[in-house]
Amino acid sequence: MPAGWAIDRWLALLITLIAIAWTADLPRVLFNQPLLVQEFSLVVLGLCIALTFLTRSWSGTPKATVDLLSVAIGILAIGTALYAASRYRVMSEALYYHPLESGIVALILFPLVIESLRRLVGWPLVIIVLLFSAYGLVGDLVPAPLTARPWAPADLATHLVWDTTAMVGLPLSIGTTVVIPFIVFGVVLNRAGGGEFFSDLAIATMGGLRGGAAKIAIVASALFGTISGSAVSNVASTGVISIPLMKRSGFPARLAAATECVASTGGQFMPPVMGAAAFLMAEISQTPYQAIALAAILPALFFFVAVFLQSDSDAVRLKIAAIPPEQRKQTRQVLADGWHFLLPFVVLIGLLFWMNRSPQASALAATATIILLGFIRGYGGIRLSMTGCVQALIDAGRQSVEIVVIVAAAGFVIGVLNATGLVFNLAMVVVDVAAGNLFVLLVMTALVSIVLGMGMPTVAVYVLLAALIVPALITAGVDKMAAHFFVLYFGMMSMITPPIAIAAYAAASLAKESPLGVSVQAMRYAWLAYLIPFVFVFRPEFLIGHPLSNLPGEIEVITATLLVLALMSGVLSGFSNRALRPGERVFFGLIALLVLTACLSSQWQWPVYLIGVFATFWCWRPARLMKPSRVA
């Protein structure tokens, strides 16, 4: 059968429509039949597994044809998921009174989820899930203090599939009920021309600055990142335009790719979606989503300021001018043509923060706003049609599959951690190894977060780290919200940190450059993301709205961060408004370190900040530019 056979399109559309129906509470409104979230999640999971087998080959590549074996497995997945959903209420109350029934369902769904995961994201996450599952089986053979009571295979599979602390727990519930509506929001926005609008807006506002092509990429990725759930997809979406544009303007291919992958990774820190991690963080940390989104704003903005300044320094060094006026639109013209794309965000933010509506309901209302305006107004020759709207719903269903399968598999890891008590033992081991030194503990967890996050999408990175690393930080006395943001930032840094650096690989392929070279350059651009999580821990005022925050503290932390930003941007690139001599770079680097230390320790802050202000003015004083140095 041809790959365009309607069954995959219908399944994708059904995933989206079911999610919309759940968000709109239609089962209760139309049939007076409220469903448990686990029942709904199991149905969506079954559809996602079936769609995976229909569209992905054994090697994980898209299928050219749909074979009968895949259809049979798809039917098995959907049938088993529907049966599990229909029996969930009974099984949740008397699971171990039905060992044969629960065991058969578990032994079908567990391998189907694992194989779907392998086809979608490859082996790294699969190996991690299988290793934790194996620990559940042979925990008694592991040396103390990590020894655990072993489970029988059938009992463990039953627990991992049916228990609310495992597969059908919080990650899958949030993935199906909250993340899918936001995916729909982003896909419909792009289908209506929103992607072109935000790209044109970035070009219009940033193109007139020196090195404007790189600044366009930074702003476009930040805007796209507000609705994107993947750094790699962000690179693929904006990089195909921004990387060639940067190369034409004079940026070396390596710098162009580094700029794009760093900005795309930073998009995962941007509210409201934050790579879908925001919703999971809200549930796992038991913190309102609005508080998570508000706290994320300032660190994300500073991250992009740091990238912006690094790019500006390179533009000075390479003497790269602005984009000619004839190659960019006027900001007034772009806003006049596409102002209606701002209204859905007004609706989203208004419902979230002022009317205190749920994230999924707010996303659904914002999507409805896009659809209504998209039929009335177009942009750049693009206007939303009924066919385009249906196709957007199909695309949203397809994009949801990976996230749903990932969070289901992550539930297996969480289930093992809870079933064996490993999460508590691991936390104590990490704290003991750090010997009570909080800084050592933070460095250890930062390295572990980067290693565990390599090669995995945003949602998988965060869920895994929240289960494994956060308890150790909280045990050591780190604030709960700060601990979650700490692991999120370092987990995302795995996207650009060697050796895996999947975002750097994606950008390097577009730029025809060495992935390792792109990754090293990207680390220079993203330097702040390696430091700022430590600020979360020692100065949680940096997270706006945090219970410990206060206006004087926020002003102080912002001042210190701005000084470190300005000084380190020149130190790392060797250029500010002028070329910096080696001695100056060392001196300004030491001043930046002094400012950061004063901020984190809360000692001698304002005298040190005053020194930092004078150093910043000296660092950025204008002077005749040197000849551009050759980029390695």
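Structure notes:
- Scan of the range 269-307 for residues that are under 23 Å from V232 (Cβ atoms), at pLDDT 85 or above and not hydrophobic (A, V, I, L, M, F, W, C), ordered by number: P299
- Residue within the range 298-307 that is under 30 Å from A214 (Cα atoms), assigned by TED's automatic domain parsing to the domain that holds G212, among the hydrophobic types (A, V, I, L, M, F, W, C) and assigned to a loop (DSSP other than H, G, I, E, B) present: no
- Only one entry of A276, A295 meets the criterion of being assigned to a helix (DSSP H, G or I) and at positive phi, and that entry is A276.
- When the test is whether a residue is within 22 Å of Q399 (Cα to Cα) and within 31 Å of the chain's Cα centre (by Cα), L47 passes it.
- Among the residues of the range 319-335, just one is of a type in the set (D, E, K, R) and crowded, with 17+ Cβ neighbours inside 10 Å, namely R328.
- Criterion violated by L109 - all others in (1) more than 24 Å from the chain's Cα centre (by Cα); (2) in a loop (DSSP other than H, G, I, E, B); (3) not polar (S, T, N, Q) satisfied: (2)
- Scan of the range 459-476 for residues that are crowded, with 22+ Cβ neighbours inside 10 Å, touching a Leu at 6+ places or on another chain (Cβ under 9 Å) and part of a helix (DSSP H, G or I), ordered by number: V459, A460, V461, Y462, V463, L464, L465, A466, A467, L468, A472, L473
- Look at the range 330-350: where a residue is assigned by TED's automatic domain parsing to the domain that holds L372 and free of Cβ contacts under 8 Å to residues at least 40 places away in the same chain and a partner is buried (at least 16 other Cβ atoms within 10 Å of the Cβ) and of a type in the set (S, T, Y), sitting 6+ places away or on another chain with Cβ atoms under 7 Å, you get L343/T369; V347/T369.
- Failed item, numbered, when E554 is tested on (1) closer than 30 Å to G250 by Cβ; (2) modelled with pLDDT under 90: (1)
- Some residue of the range 562-578 being at pLDDT below 90 and surrounded by fewer than 17 Cβ atoms within 10 Å (Cβ to Cβ): yes
Conditions tested, residue by residue: (1) more than 29 Å from the chain's Cα centre (by Cα); (2) closer than 16 Å to L160 by Cα.
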position	(1), (2)
L26	yes, no
V37	no, no
V43	no, no
P62	no, no
E101	yes, yes
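- Only listed residue being in contact with an Asp or Glu (Cβ under 6 Å, 6 or more places away or on another chain), part of a helix (DSSP H, G or I), in contact (Cβ under 8 Å) with a residue 40 or more places away in the chain and within 30 Å of Q391 (Cα to Cα), chosen from A222, A217, A263: A217
- There is no residue in the range 87-97 that is of a type in the set (A, V, I, L, M, F, W, C), closer than 28 Å to L51 by Cα, part of a helix (DSSP H, G or I) and within 30 Å of the chain's Cα centre (by Cα).
- Of the residues V129, V71, the single one that is within 30 Å of W10 (Cβ to Cβ), crowded, with 18+ Cβ neighbours inside 10 Å and in contact (Cβ under 8 Å) with a residue 24 or more places away in the chain is V129.
- Spans of helices (runs of 4 or more DSSP H) in the range 1-74 with at least 1 residues closer than 25 Å to F110 by Cβ and either charged (D, E, K, R) or out of contact with any strand residue (DSSP E or B) (no Cβ under 9 Å at 6 or more places or on another chain) (or both): 6-23, 37-55
- With respect to the conditions (1) within 24 Å of F302 (Cβ to Cβ); (2) assigned to a loop (DSSP other than H, G, I, E, B); (3) of a type in the set (G, A, S), A166 lacks only one, and its number is (1).
- Restricting attention to the range 493-521, the residues that are more than 26 Å from C599 (Cα to Cα) and part of a helix (DSSP H, G or I) total 17.
- Evaluation of L373 against (1) more than 30 Å from L146 (Cβ to Cβ); (2) surrounded by 23 or more Cβ atoms within 10 Å (Cβ to Cβ); (3) touching a His at 6+ places or on another chain (Cβ under 8 Å); (4) not charged (D, E, K, R) (one fails), failing number: (2)
- Matching option when the condition is out of contact with any Ser or Thr (no Cβ under 7 Å at 6 or more places or on another chain), outside any helix (DSSP H, G or I) and not hydroxyl-bearing (S, T, Y), among R254, R210: R210
The values are calculated or read from the model by the stated rules, or taken from the named source; none is laboratory data. Predicted model only: the values in this text are computed from it and were never measured. Cβ atoms come from the backbone with ideal geometry, glycine included; neighbour counts cover every protein chain shown.
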